[in-house]
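Have a look at the structure below, then the notes.
The values are calculated or read from the model by the stated rules, or taken from the named source; none is laboratory data. These numbers come from a predicted model, not from an experiment. Methodologically, a virtual Cβ is constructed for each residue, glycine included, from the backbone with ideal geometry; neighbour enumeration extends over all protein chains shown.
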Amino acid sequence: MSNHPKIPDAETRARSVAKLRDLVKRWDALILDLDELNARLEADIRNSPLTAYRLGKAKRASAQDKELS
């Protein structure tokens, strides 16, 4: 008995490679979709009134700290 792995024939290897390439293409498409969603969400956050309010509040607090120093 041998514990060495059996090397698959050329046809089996070709099918496996084709499946892996297809899988990589599908993952790439999904990653692109996620990147686009992330960009839209970041834009929504930047344009949010709540973000503007928080930035203004932080600027006012910073200006007050400078005046007290």
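Annotations
- Selection from segment 16-69 of residues that are within 17 Å of the chain's Cα centre (by Cα) and among the aromatic types (Phe, Trp, Tyr): TRP27
- Enumeration of residues in segment 1-48 that are in a loop (DSSP other than H, G, I, E, B) and of a type in the set (Asp, Glu): ASP9
- Meets criteria (aliphatic (A, V, I, L, M) and either touching a Phe, Trp or Tyr at 6+ places or on another chain (Cβ under 7 Å) or modelled with pLDDT of 90 or more (or both)) for LEU68: no
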